[in-house]
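Okay, so here's the structure we're looking at.
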């Protein structure tokens, strides 16, 4: 089974975290690969390291010589979170439904919000984790309001 990466964060040194579609977050230090792949030592240059980008859901790309498969991070990284990313999927469905109900395209919503259309697409597909303020901008642009509910178990309190 292939694990799809949806978010990449850079930490100190050559460490990073990758969030996967199943809600798993893995920490991985690129230094573990230096003995086997000496060319990766170039990532000790902080500017170069921070220039890495997700290649779709399949890996991290720095340049033509430096990349890392997401599956390597999933298999060999340290798990730091395993809870499903439910809020991300809920917000993605809500944004897509609200935009469709308003009868506007992502491009039109991008113009109204100042949020790039490609970022709106990521939000609607559930591969981005928008901030509350971003969701509020979207709701306002659609003529609505953002509402957040915290549901407690029946036996709480």
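The values are calculated or read from the model by the stated rules, or taken from the named source; none is laboratory data. Quick caveat, the model's predicted, so the values are computed rather than measured. Using ideal geometry, Cβ is built from the backbone for each residue, glycine included, and neighbour counts are taken over all protein chains shown.
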For segment 39-60, what are the residues that are out of contact with any helix residue (DSSP H, G or I) (no Cβ under 9 Å at 6 or more places or on another chain), within 28 Å of residue 126 (Cβ to Cβ) and part of a helix (DSSP H, G or I)? 50
Just a yes or no: is a residue in segment 3-19 surrounded by 15 or more Cβ atoms within 10 Å (Cβ to Cβ), part of a helix (DSSP H, G or I), outside the structural domain of residue 128 (by TED's automatic domain parsing) and within 17 Å of the chain's Cα centre (by Cα)? no
When the residues of segment 113-134 are filtered to those that are in contact with a helix residue (DSSP H, G or I) (Cβ under 6 Å, 6 or more places away or on another chain) and surrounded by 16 or more Cβ atoms within 10 Å (Cβ to Cβ), which remaining residue is farthest from residue 24 (Cα to Cα)? 113
Single unsatisfied condition, residue 46 versus (1) in contact with a strand residue (DSSP E or B) (Cβ under 6 Å, 6 or more places away or on another chain); (2) farther than 14 Å from residue 78 by Cβ: (1)
Looking at the structure I just gave you, is residue 44 touching a residue at least 12 places away in the same chain (Cβ under 8 Å), in the same structural domain as residue 29 (by TED's automatic domain parsing) and over 18 Å from the mean Cα position of the chain (by Cα)? yes
Show me the helices (runs of 4 or more DSSP H) found entirely inside segment 67-148 where at least 2 residues are modelled with pLDDT under 85, in contact with a strand residue (DSSP E or B) (Cβ under 8 Å, 6 or more places away or on another chain) and under 30 Å from residue 14 (Cβ atoms). none
Determine which member of the set 36, 107, 31 is in contact with a helix residue (DSSP H, G or I) (Cβ under 9 Å, 6 or more places away or on another chain), surrounded by fewer than 18 Cβ atoms within 10 Å (Cβ to Cβ) and more than 30 Å from residue 140 (Cβ to Cβ). 31
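Considering only segment 54-64, I want to know if a residue exists there that is assigned by TED's automatic domain parsing to the domain that holds residue 33, free of Cβ contacts under 8 Å to residues at least 40 places away in the same chain and buried (at least 18 other Cβ atoms within 10 Å of the Cβ).
Yes, segment 54-64 has at least one match.
In segment 28-41, which residues are farther than 16 Å from residue 15 by Cβ and either touching a residue at least 12 places away in the same chain (Cβ under 8 Å) or within 23 Å of the chain's Cα centre (by Cα) (or both)? Reasoning before the result, please.
First, pick out the residues of segment 28-41 that are farther than 16 Å from residue 15 by Cβ: 35-39.
Listed by number, the list holds a single entry, 39.
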